[in-house]
1. Sort 14-22, 90-98, 45-53 by the packing proxy (mean of other Cβ within 10 Å over each peptide's residues), most packed first.
2. Got a sec to turn the phi values of the stretch 84-90 into Karplus ³J(HN,Hα) couplings, 6.51 cos²θ - 1.76 cosθ + 1.60 with θ = phi - 60°, whole Hz, x for Gly and Pro?
3. Determine ³J(HN,Hα), in whole Hz, for all residues of the stretch 92-100 in sequence, where each value follows from phi through the Karplus function 6.51 cos²θ - 1.76 cosθ + 1.60 and θ = phi - 60°; x replaces Gly and Pro.
4. Collect residues whose amide H, placed 1.01 Å from N in the peptide plane, falls under 5 Å from the amide H of residue 55; neighbours closer than 5 in sequence don't count.
5. Ranked by Cβ crowding within 10 angstrom, fewest neighbours first, how are 32, 39 ordered?
Amino acid sequence: MTEVQEQHTIDATGKRLGRVATEIATLLMGKHRPDAVRHIAKPIFVTVTNASKLLIDERKRNQKTYQRYSGYPGGLKTLSLVQVVAQKGYREILKFAVYGMLPSNRLRAVRMKKLTITD
């Protein structure tokens with residue numbers, strides 16, 4: 001028995017970053033459905049439009065930092081939100097937020113592949 005794919009489109013114009021990310025994570029996990037189960041990734045696809053029109057305060061733009069570690073001594077890189085947007089765009093910011101809201105298990109990568117973000 002094959003399941004029917006669900007397509008959801010979210011317009012991010014004028015919405016807060018965290019609110020949009022929460023909505024996306026909830027949809028990707030299938031929590032809006034009555035037959036939701038934690039161990040199966042449902043065929044639910046989410047498309048986000050106008051990611052560059054997200055509402056982000058100046059305070060968050062200056063204070064929010066993103067870190068990555070290469071594994072080598074002295075390999076900790078820290079970038080501010082402004083720097084990440086300049087390098088990779090708003091798409092990356094929203095992707096980081098949704099990634100952090102999904103459960104850290106084998107289905108996280110599967111669910112992230114079902115997310116499409118456009119600026």
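Values quoted throughout were computed directly from the atomic coordinates according to the rules given, and no laboratory measurement underlies them. Quick caveat: nothing in here was measured; it's all calculated off a predicted structure. Cβ atoms come from the backbone with ideal geometry, glycine included; neighbour counts cover every protein chain shown.
1. The most tightly packed comes first, giving 90-98, 45-53, 14-22.
2. Running phi through 6.51 cos²θ - 1.76 cosθ + 1.60 with θ = phi - 60° gives 5, 5, 5, 7, 10, x, 5 Hz.
3. Using θ = phi - 60°, the values come out as 5, 4, 5, 5, 4, 5, 5, 4, x Hz.
4. Result for residue 55 returns 14, 15, 16, 17.
5. Fewest to most other Cβ atoms nearby, the residues stand as 39, 32.
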